[in-house]
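Please read the structure below before turning to the comments.
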Amino acid sequence: MRGFLRRLAGHLTRGLVMIWVVVTFTFFLIRLMPGDPVQVQYEKLIAQGMSPDQAASATAVTYGFVPHGPVWKQYLEYLSGLIRLDLGVSVDSQGVAVADRVFGAMPWTVLLVLSGILVSFLVGVVLGVVAALKRSTAVGHSLSIAGSLLHGVPPFVIAIVLAAVFTRRYRWFPSGGQYNGDEVAPGFYYDFIGDVAYHAFLPAAAFAIASYGGWLLAMRSSVASVLGDDFLLAAELRGLTRMTRFRYLARNAILPLFTVLAISFGLVFGGSIFIERIFNYPGLGMLLFASIGARDFSMMSGAFLMITAAVIVANILADLLYTFIDPRVRRQA
Amino acid sequence: MRLSVRQRFWRGVWVALKRRPSRILGVIIMALFVFMAIAGPWFYPDRLPYNVDNMYAPISWDHPLSTDFEGVDVLALVITGTRGVLLVAVAAGLVTMLVGTAAGLYAGYRRGAADSVLMRIADFALTIPGFPLLIVLTTAMNFGAWWKMALVLGLIGWGGLARAVRSQTLSLRERGFIEAARGLGLPTRHIVTKELLPNVAPFIATNLLMAVTGYIYAQVGLYFLGVLPLDTSNWGVMLNAAVFQSGALISPDALPYLLAPLGAILLLTLGVVLIVDALEEIFNPRLREG
Amino acid sequence: MSIVELSTETLPGVAISGLTIAYRTDAGELAAVSDITLGLPAGTITGLVGESGSGKSTLALSLLGAVQKPGRVTAGSVVIDGIGDITKLDEHALQSVRGAQIGYVFQAAQNSLNPLKTVGKQLLDLGRSHRVKDLRGLLREAKVLLSRMGLAAERVLDSYQHELSGGMRQRVGIMFALVLNAHLLVLDEPTTALDMITQANILQIVRDVHAERGLTTLIVTHDVGVVAEVADRMAVMYGGRVVEHGQTMEILGAPRHPYTRGLISAIPRLTGPVDAAKPLPGTPPTLGTIPRTGCVFRQRCPLRMEICDTVAPAMIGGVACHAVNETEQL
């Protein structure tokens, strides 16, 4: 338990350091941007007839720091705002708090990413075992090639194909949105959940198809390496049933995949920009994309920060899960 | 019969290719793309001829992949769009290779504080979601110059290679390579270039190929989203126009315009997959399974 | 079948006859074990000695019908009393025989335990696989065995493999091999990679449990010292063939086959001149370099004759050597 807590503390420290680096990066990025958008807004407000003080405080609300005075002071103000989860106010749609939009969009992306990863993990692991056990046959080889191909194709290609076929050519699925607001109101009941699932199905499927190939390949090589381990031969020579030996194999082979899981979140969240854009699904990726198009820099840094934070948290969870499953790590304390 | 290292390598390549003919197909596909990138633009004028009366032309000998919304030949667009993207991707791959190999070797060779600092940075580079970072950077940087794009891509993607090279270096160390060489009084430079590098080269080669492909797709993705200026022609610009502007998802006439860049991406991926399959066997003959 | 029933059966002897095991390779099928005929009399400890690559581990695995792919038994039989010819059993029958009637103990350096499960949980898996009704009884039996071997039984059952030392793992391996009351015990290099004291302990344990439980034991090793210590009978393997077999004391006292002689004179003694130990010249053959015709040992043999190049020597009176047979017949 003490080892677990120490590990957790280490993770949290590293996570916080990473978030701090990202925050610092976005702060300076916006300030160093060509045509300094903060300065531009400040001057625009003055031109609209505000006093310099009013303009300065209005700008501060937007970006989380006052555009004048020493840089370090602006920086500290920005940081202290962030600690209170104040991400500033949208430039594009005045008066909307960035934090509200970001936290509102977040669950939808998490829904897509998690269901996509879960499905692809299950399918990929199962097919990976088959590919490894049958690796010298045509079935195994074609599974591996298909897995590599889908793993190699960028996710937007898969999303475009799915969107083209299932929302345009055959209108089996909706062409956008999280749910149909005209027909169902948010709540915890069958129709609403069904509608959410209906809207999320294709984008989640795109995530799943784009990433299952990676799981397949990882599982295949993991199974192949565990198959060479002595303990499986020992289990066979002790007369353990085929089923029991298969369970030994599967559990040992799946374990290293959790470290891959940790790394994959960054990629998958990155892919959300394409997938949400292609399916018109308003999540974090869409928010980030839209804010860039609209030059809404406070929204942009908020969305980017939140994506990064989500990836870091997912990383930590995946690693802790690993710790929990592997006795060699768990019992080291 | 004794063979030199190089001869043995090429023999391994040949054996691996022969074992599965699909791998030869991979080599042909890759050669085709490299040829398109180098020689493609020579076959066409700088400004591709357009004809607004002939948009989305039916497939014919003149326009084997139809035409786009301005009547420009799609095949010509696919071919001429290869060079820019490939150039940037290869340059970025070289940046990744240099930085990743250097960091990985140094960390694995020196260990200690340098190792942990470098690996923290590598983990950071691995964790930060690369694509979101890239599109955020498009707001502040002008990616018009190809080398800037290459530099940024290359610097975002080095973490994985550094980790792989480091762990390989560490395992060589565990097997006594480095100590033995030191014991023989060989200078560090010799150990690194003659003992370590040849042993990590397989990882670097495979990784480089994957990184270059990844960078091609990252650029195509950026153009596809429309966050980079659409003033050049490449697969991403084509996809952007096809999906978001000309309604290729709905109109069957425009379908070839959508399918052509998608097909190019699929073909390239297939080529890479088949070659990586061969590389894995060349570098790791134990994978050969009867 | 219950544990009690088994224990009242007569001790199983093993009769290996004409056994040939070949591996399929790029160069065709190569025999790792050729035409071996050997008996393991019930109630004895037999030591099987040979260098690595001599085929001794393949032979040991064949006693469990577990020749690993791409190898297969191409000729001969392994008849075990109470079981029958094990090379003819189907997979299901093999599964129920392994572990229950034949116990197998791995090299200490090999990880014979699932790293993700405690010893106790794996013991329960063993019980379930063999349809043991009384799992508590099984645990009790395991504890008795572990304590008998000087381990803290409760703690060991609650341990993972990585928490056990080499000697402890080996005892756990013996426990797994015997807990279902198997009467035929096969140990593959049981003391390799252990320190001297642990080695001695393990051998003592092997000797004791063999006597207490009335086993028929085959111990595979490259170490003539181990055989001298525990085995009643011994067989010497070279290049996939048994070149000499018989009572341990007789063979060690008066080795007849030139390979056995070389093997024994290669052992350094604690006392006496250091250079009294004479290593065998040359290297043992690998699967690909075993001569296909004639005597497998002739390339390193000091007694080589013309006939050795063409005719494989028959096993006569416990030794397979043209030269020895010739001189002994005179």
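Partner shielding of A:149-159 amounts to 6, given as the average count of beta-carbon atoms from other chains within 10 Å of each residue beta-carbon. With K and R counted +1 and D and E -1, the other residues having a Cβ less than 14 Å from that of B:PRO187 yield a net charge of +2. Dipole orientation for chain B: of the candidates B:LEU274, B:VAL200, B:LEU32, B:VAL200 has the Cα lying most toward the positive pole (charges on Cβ; Lys, Arg +1; Asp, Glu -1).
Partnerless cysteines in chain C, where a partner means another cysteine C-beta under 4.7 angstrom, comprise C:CYS301, C:CYS321. Applying 1/(1 + (r/R0)^6) with r as the Cβ-Cβ distance of A:LEU320 and B:ARG111 and R0 = 30 angstrom yields a FRET efficiency of 0.65. Cross-link check: pairs B:LYS18/B:LYS148; B:LYS194/C:LYS117; C:LYS69/C:LYS121 evaluated at a Cα-Cα cut-off of 32 Å; pairs beyond the cut-off: B:LYS18/B:LYS148; B:LYS194/C:LYS117.
Between the helical axis of A:297-325 and the longest alpha-carbon principal axis of chain A there is an angle of about 30 degrees.
Normalised by the number of residues in segment C:181-220, the mean separation of alpha-carbon contacts (under 8 Å, six or more apart) gives a relative contact order of 65 percent.
Springs between Cα atoms under 10 Å define the GNM used for chain A, and in it the highest mean-square fluctuation of A:LEU202, A:LEU227, A:LEU257 occurs at A:LEU227. Of all aspartates and glutamates in the structure, those lying under 19 Å Cα to Cα from C:LYS278, and not within fewer than 8 positions of it along the same chain, are C:GLU51, C:ASP223. Taking a straight line from the alpha carbon of C:LYS133, these aspartates and glutamates sit under 16 Å away, with near neighbours fewer than eight places off in the same chain left out: C:GLU5, C:ASP125, C:GLU141.
Distance from the alpha carbon centroid of segment A:119-173 to that of segment A:8-42 works out to 37 angstrom. In nanometres, what is the gap between the two model label sites at B:LEU186 and B:PHE283, each 7 Å from Cα along Cα-to-Cβ? Result for the modelled spin labels: 2.0 nm. FRET efficiency for the A:ARG295 to A:ARG328 pair, using the beta carbon distance and R₀ = 56 Å, is estimated at 0.65.
Residue by residue, segment C:17-29 carries 3J(HN,Hα) couplings of 9, x, 6, 10, 10, 10, 9, 7, 10, 4, 8, x, 7 Hz when phi is fed to the Karplus relation 6.51 cos²θ - 1.76 cosθ + 1.60 (θ = phi - 60°); x denotes Gly or Pro.
Estimated purely from DSSP H runs of n ≥ 4, each contributing -39500 (n - 2.57), the mean residue ellipticity at 222 nm for the protein assembly as shown is -19000 deg cm²/dmol once divided by its residues. A cut-off of 5 Å between modelled amide H atoms, ignoring neighbours fewer than 5 places along the same chain, links C:ILE219 with C:THR46, C:GLY47, C:LEU48, C:LEU187.
Take every DSSP beta bridge whose two residues both sit in the protein assembly as shown; close to 60 percent of them are antiparallel. Note on A:ILE193 and B:ASP53: the model spin-label points, each 7 Å out from Cα along the C-beta direction, lie 6.2 nm apart.
The mean number of partner chain beta-carbon atoms within 10 angstrom of a residue's beta-carbon across peptide B:208-215 is 1.
Among the DSSP helices (H) of chain B, those spanning at least 24 angstrom by Cα along their long axis with an average Kyte-Doolittle hydropathy of -0.5 or more are B:21-39, B:82-110, B:197-225, B:255-283; this is a geometric and hydropathy rule only.
The alpha-carbon of A:LYS73 sits under 27 angstrom from the alpha-carbons of these lysines, leaving out residues fewer than 8 places away in its chain: A:LYS44. Mean sequence separation of contacting Cα pairs (under 8 Å, at least six apart), scaled by the length of chain A, corresponds to a relative contact order of 23 percent. Averaging the Cα positions of each part gives two centres, and for segment A:292-333 and segment B:57-106 these lie 33 Å apart.
Amide H contacts for C:VAL33 (H built 1.01 Å from N in the peptide plane; partners 5 or more residues away or on another chain; cut-off under 5 Å): C:ILE21.
Computed from Cα atoms, the angle from the helix C:166-178 axis to the main principal axis of chain C rounds to 80 degrees. For a modelled paramagnetic label at C:THR37, 7 Å from Cα along Cα-to-Cβ, the residues of segment C:289-323 in reach, with backbone nitrogen under 15 Å, are C:312-321. Per-residue Karplus couplings for segment C:40-55, computed as 6.51 cos²θ - 1.76 cosθ + 1.60 with θ equal to phi - 60°, are listed in order as 10, x, 4, x, 9, 9, 10, x, 10, 10, x, 7, 5, x, 7, x Hz, Gly and Pro entered as x. Within the shell defined by Cβ-Cβ distances under 15 Å, the residues around B:SER233 carry a net charge of -3, with Lys and Arg each +1 and Asp and Glu each -1.
Considering only alpha-carbon pairs that sit under 8 angstrom and 6 or more positions apart, the relative contact order computed for chain C is 21 percent. Applying 1/(1 + (r/R0)^6) with r as the Cβ-Cβ distance of C:ARG72 and B:SER22 and R0 = 30 angstrom yields a FRET efficiency of 0.45.
Helix A:37-47 and the long axis of chain A differ in direction by around 30°, with both axes built from C-alpha atoms.
Spacing of the modelled spin labels on C:ALA93 and B:LEU151, each 7 Å from Cα toward Cβ, amounts to 7.6 nm. Summing Lys and Arg as +1 and Asp and Glu as -1 over all other residues whose Cβ lies under 12 Å from the Cβ of C:ARG300 gives a net charge of +2.
Every number here is computed from the coordinates shown, using simple stated rules; none is lab data. Nothing here was measured: the structure is a model prediction, and the numbers come from that model. Don't worry about glycine lacking a Cβ; one is built from the backbone with ideal geometry, like all the others, and counts go over all protein chains shown.
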